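Report on one structure; see the data block that follows.
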Amino acid sequence: MQAAYEALMSTPPGTAYVVATGTLTNMGVLFTAYPKLASHIKGLHIMGGAIGSSFTPAPMGVISNDSGTSREERFGNWSKYAEFNIYCDPEAAQSLFTNPELKTKIMLVPLDLSHLFLATRQVQEALLHGFDQEQRVQVSTVRQLFNEILTFFAQTYADVFGLVQGPPLHDVLPVLAIMAPNIFDDHGGERFDVDVVIDGAHGTEGIARTESRVGQTVVKTITEGSSGVRIPRNLNTDVAWRMIDLCLDLAEQRSAKRTVVRPA
């Protein structure tokens, strides 16, 4: 924690971003142990949470009962109500979202947003061969590896969560929001108070089998002009995928050895 604090404080005030794409225990400890850090950084971008209630038009998935005879809507990915990163340490998440100095600098990317960013078959092909397909006749090792990682959980998302169009991409979004904040639509500056349910039993029967709401992310729109957490409701997916394509181009260029694999 001290090393992270010192590294961030070594940057000019109001310039450093912190990106959290996993459970928030370390973030909670960091900003509790070093309260000055909240005013020093420019932003904290978090991938996590699930809101539901048609917060966005994203497909949030379904869950089968134990016998597999019925399926019902859900919006969490670990429990029926909670996303994994928040569920694992809801107290840490709550400490961040209720920190008055920090919450105004938080951008939250919930499943409601990342489930709009689906790697459809068309996107997969474009990223595998490059968006400028006319000039690319071979598939690089970099792009082949990325494609394998991208599609690894595709069947799971289809079977468990009902996302049949393609797997969503989550963790890249809070990073893209630093590089291109304007491709994310927050309805002209909409901001939220965020509360995390910390009371309730943690499930013991595996994924999404508990009725407890522990870890649920509850949001409330605040008065226009007030300071709160930024939670975009949409994004320009075309630009976002193009940015990833450009990153893959750079990775190819900087790869010391670019073994070429011909597509089957």
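For this structure, a couple of remarks:
- Qualifying residue in segment 27-38 (condition: modelled with pLDDT of 95 or more and either under 14 Å from the mean Cα position of the chain (by Cα) or within 21 Å of HIS202 (Cα to Cα) (or both)): yes
- Residue among GLY166, GLY188 that is on the phi > 0 side of the Ramachandran plot and more than 19 Å from the chain's Cα centre (by Cα): GLY188
- For segment 176-199, filtering for residues that are crowded, with 17+ Cβ neighbours inside 10 Å and farther than 26 Å from PRO100 by Cβ leaves 2.
- Residues of segment 9-31 satisfying the condition of being over 17 Å from CYS88 (Cβ atoms) and either out of contact with any strand residue (DSSP E or B) (no Cβ under 9 Å at 6 or more places or on another chain) or not assigned by TED's automatic domain parsing to the domain that holds MET107 (or both): MET9, SER10, THR11, PRO12, PRO13, GLY14, THR15
- Residues being among the aliphatic types (A, V, I, L, M) and exposed (fewer than 14 other Cβ atoms within 10 Å of the Cβ) - total across segment 8-61: 1
- Checking each residue in segment 95-108 for being touching a Leu at 6+ places or on another chain (Cβ under 9 Å) and in a helix (DSSP H, G or I) picks out SER95, LEU96, PHE97, LYS103, LYS105.
- Candidate set from segment 200-218 (those that are in contact with a Ser or Thr (Cβ under 9 Å, 6 or more places away or on another chain) and at pLDDT 85 or above); member that is nearest to PRO90 (Cα to Cα): GLY215
- Selection of segment 109-144 for residues being assigned to a loop (DSSP other than H, G, I, E, B), at pLDDT 90 or above and not hydrophobic (A, V, I, L, M, F, W, C) yields PRO110, HIS115, THR120.
- So SER95, is it over 15 Å from the mean Cα position of the chain (by Cα), of a type outside the set (A, V, I, L, M) and modelled with pLDDT of 95 or more: yes
- Taken over segment 175-189, the criterion of being in a helix (DSSP H, G or I) and either closer than 15 Å to ALA58 by Cβ or β-branched (Val, Ile, Thr) (or both) is satisfied by VAL175, ILE178, ILE183.
- Counting only residues that are surrounded by 15 or more Cβ atoms within 10 Å (Cβ to Cβ) and not in a loop (DSSP other than H, G, I, E, B), segment 145-174 holds 13 of them.
- Odd one out for ILE106, checked against (1) closer than 21 Å to GLN253 by Cα; (2) of a type in the set (A, V, I, L, M, F, W, C); (3) within 19 Å of the chain's Cα centre (by Cα): (1)
The values are calculated or read from the model by the stated rules, or taken from the named source; none is laboratory data. Bear in mind that the values here come from a model prediction, so they are computed numbers and not experimental data. Neighbour counts run over all protein chains shown; Cβ positions are idealised from the backbone, glycine included.
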